[in-house]
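A quick write-up on the structure given underneath.
The values are calculated or read from the model by the stated rules, or taken from the named source; none is laboratory data. Note that the structure is predicted; figures quoted are calculated from it, not measured. All Cβ positions, glycine included, derive from the backbone under ideal geometry; neighbour counts span all protein chains shown. Accessible surface areas use protein heavy atoms only, side chains included; no ligands, DNA or RNA. Shrake-Rupley method; radii C 1.70, N 1.55, O 1.52, S 1.80 Å.
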Amino acid sequence: MSRENAYRESCVRVDAARAQLMASADAAKARVAPARLKQDVKDKISNAALDGVARVAVQVQQRPVAFGAATGAFALFLARRPLAALFRRLYVRFTDPTPDISETDDG
């Protein structure tokens, strides 16, 4: 093989390597574009949420009583202040020895 042929082949390999490098750089640039990253994050979050919902559905089907008890306990926890106020009012109403005297008494 002559030096000139070797030089031409090396130029062709360099051009091919340069084209491959440019293609890789373009692909990397597209991959780290803000819109692409944002879409990837949205996709991952939606997939994780759907997987979570599917797991919960399977668990509810397997243990409906436990799920109902947990849901009830959570509802009571969320409503603890209004329930406490209700029970305080009822306690005062039941333990008050003097009945309410109406303001519209005839006496």
Exercise. Only one of Asp40, Asp51, Asp15, Asp26 is acidic (Asp, Glu) and open to solvent by less than 60 Å² (accessible area, probe 1.4 Å); which?
Worked result: Asp40
Exercise. For the stretch 1-41, how many residues are assigned to a helix (DSSP H, G or I) and more than 30 Å from the chain's Cα centre (by Cα)?
Worked result: 24
Problem set entry | Pairs with Cβ under 9 Å, 6+ apart, first in the stretch 32-57 and under 30 Å from Ala70 (Cα atoms), second surrounded by 10 or more Cβ atoms within 10 Å (Cβ to Cβ) and modelled with pLDDT of 90 or more | Val56/Phe67
